[in-house]
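Just dropping this structure here.
The values are calculated or read from the model by the stated rules, or taken from the named source; none is laboratory data. Please read all numbers here as calculations on a predicted model, not as lab measurements. Counting neighbours? That spans all protein chains shown, and the Cβs are built from the backbone with ideal geometry, glycine included.
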Amino acid sequence: MTAMTTVEQPPSTATSETVRGVGRRWRGPALLVLALVLATTLLALVSAAGPSGRLDPDSYAPGGSRAVAEILRERGVPVRRLDTVEAVAEASGPEVTVVLGVPQALAEAELEQLGALDGGLVVVGAQDEDLDALGLPVKVRGLVQVDRRRPACELEVATRAGEVDLGGLSYETTEEAATGCYAASGDATLLRLPERGATLLGDGALLTNDRLDERGNAALALGLLGEREGGVVWLVPRPGRVVPEGEPTLGELIPDGLLLGGLQLLVAAGVLALWRARRLGRVVEEPLPVIVRAAEAVEGRSRLYRAAGARGSAGEAVRVATRERLLRRVGLAGGADRQALVTVVAERTGRAPSAVDVLLYGGAPTDDAALVRLVADLRTLETTLKVGM
């Protein structure tokens, strides 16, 4: 029988990355991108579910006003939710009531435009600057807690509603025909200005879903908002919008959603960078796939020194290497001090100790020529050193 020999295959030296390695390397970024997509989708679904802002006629939240809007619609009073002053101006008219739930979210020019409209105006929590922009002769007197209060006035809609939840800001006016109700410390928290067709509420708690069914809140809300046949236009400005003071800038023309998406991508890129920069264990040494000649390594390092202008670092590196060789040649221990090395080298080269000290421990070269001279002088020092003296 012929003996069969087994030929051992040499170990593979392939350095290309395997499919499994590629999958493991990109698994983290893929999971991160998936998480970002899921978060964005969830945010979009939540946003699509409807607004949840305070005094928003489309909001079902406790602070929203969906309930009063639906009751008005059931009674034949149309309620339209708009988010721009321009749309409100187009929809307004003598028989329309405009509701401003958050006047602080509007610019002065927008309030001036709304104050010039015909029809009714119900404003909640207006400050002095808002009142001035609307052109109403009213001043804020103070801030009181929202509590059950009685009308104590001759305003028909208030006397019919009776006790309600009111408070917040209190007002005073110079208009003689004005009627103040639900007073706190003598100042009205509901102020009706018939000549202007405006009604001021110090706080909007009675309009919210949470309190509409308490006391006479619903009666007062329906009476104030439903007294005009043209219906109600409810202004809810978009959150985070920028009101241009003149010609819009490029930043103002960029949609908010695009800016949010860019921010999310920036955060994702930062997280990815941190993840890729991690180190899970000690550094593993691996053999180089190719042999690099010593001369090439020296030349490459010297080019880096030259590109950085690091003459001091280059000169010190040459001095350190020279000192180590001199210590071995003269037989001194590695921990020998500066004075000992300088003394021995000076004796064996016949040079002055000060000149040897400057050469081995002197300052950094000032230019390339000085660096070249330093290297040449150190080489000459080594060649003239006499061993065994």
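Please find, among Arg211, Arg215, Arg228, the residue that is on the phi > 0 side of the Ramachandran plot, surrounded by 16 or more Cβ atoms within 10 Å (Cβ to Cβ) and part of a loop (DSSP other than H, G, I, E, B).
Arg215
Separate question: Which members of region 358-371 meet the condition of being closer than 18 Å to Glu324 by Cα and surrounded by fewer than 18 Cβ atoms within 10 Å (Cβ to Cβ)?
Hits for region 358-371 are Val358, Tyr361, Gly362.
Of the residues Gly135, Gly125, which is out of contact with any strand residue (DSSP E or B) (no Cβ under 9 Å at 6 or more places or on another chain) and at pLDDT 90 or above?
The conditions single out Gly135.
Taking the condition exposed (fewer than 15 other Cβ atoms within 10 Å of the Cβ), farther than 19 Å from Leu225 by Cβ, of a type in the set (A, V, I, L, M, F, W, C) and touching a strand residue (DSSP E or B) at 6+ places or on another chain (Cβ under 7 Å), does Ala152 pass?
Yes.
Quick check on region 119-130: of everything there that is touching a residue at least 40 places away in the same chain (Cβ under 8 Å) and out of contact with any Leu (no Cβ under 8 Å at 6 or more places or on another chain), which residue is farthest from Leu201 (Cα to Cα)?
Going through the qualifying residues, I end up with Gly119.
Follow-up. Going through region 62-108 one residue at a time, which ones are within 33 Å of the chain's Cα centre (by Cα) and free of Cβ contacts under 8 Å to residues at least 40 places away in the same chain?
Glu86, Ala87, Pro103, Gln104, Glu108
Take Leu200 and tell me if it is in contact (Cβ under 8 Å) with a residue 60 or more places away in the chain, of a type in the set (A, V, I, L, M, F, W, C) and in contact with a Ser or Thr (Cβ under 9 Å, 6 or more places away or on another chain).
Yes: the conditions hold for Leu200.
For every residue, the table says whether it meets (1) over 16 Å from Ala317 (Cα atoms); (2) in a helix (DSSP H, G or I).
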residue: Ala336; (1), (2): yes, no
residue: Val342; (1), (2): yes, yes
residue: Ala355; (1), (2): yes, yes
residue: Leu360; (1), (2): no, yes
residue: Ala369; (1), (2): yes, yes
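Of a type outside the set (Gly, Ala, Ser) and in a loop (DSSP other than H, G, I, E, B): does that describe Glu95?
Spelling it out, Glu95 is indeed of a type outside the set (Gly, Ala, Ser) and in a loop (DSSP other than H, G, I, E, B).
Every residue in region 293-348 that is charged (D, E, K, R), closer than 22 Å to Thr383 by Cα and in contact (Cβ under 8 Å) with a residue 24 or more places away in the chain, please.
The answer is Glu316, Arg319, Arg323, Arg325, Arg329, Glu347, Arg348.
Could you tell me which of the residues Val140, Val157 is assigned by TED's automatic domain parsing to the domain that holds Glu129, touching a strand residue (DSSP E or B) at 6+ places or on another chain (Cβ under 6 Å) and of a type in the set (Val, Ile, Thr)?
The conditions single out Val140.
Here's the yes/no breakdown for (1) under 45 Å from the mean Cα position of the chain (by Cα); (2) of a type in the set (Asp, Glu):
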| site | (1), (2) |
| --- | --- |
| Asp147 | yes, yes |
| Glu156 | no, yes |
| Glu163 | no, yes |
| Gly167 | yes, no |
| Tyr171 | yes, no |
| Cys181 | yes, no |
| Arg192 | yes, no |
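Restricting the search to region 327-336, which residues are over 60 Å from the mean Cα position of the chain (by Cα) and surrounded by 13 or more Cβ atoms within 10 Å (Cβ to Cβ)?
Arg329, Val330, Leu332
Let me ask something else about it. Restricting to region 278-323, name every residue that is assigned to a helix (DSSP H, G or I) and hydrophobic (A, V, I, L, M, F, W, C).
Residues satisfying the conditions are Ala294, Ala295, Ala297, Val298, Leu304, Ala307, Ala308, Ala314, Ala317, Val318, Val320, Ala321.
Taking Gln339 as meeting all but one of (1) polar (S, T, N, Q); (2) within 26 Å of Val298 (Cβ to Cβ); (3) exposed (fewer than 15 other Cβ atoms within 10 Å of the Cβ); (4) within 60 Å of the chain's Cα centre (by Cα), write down the number of the exception.
(2)
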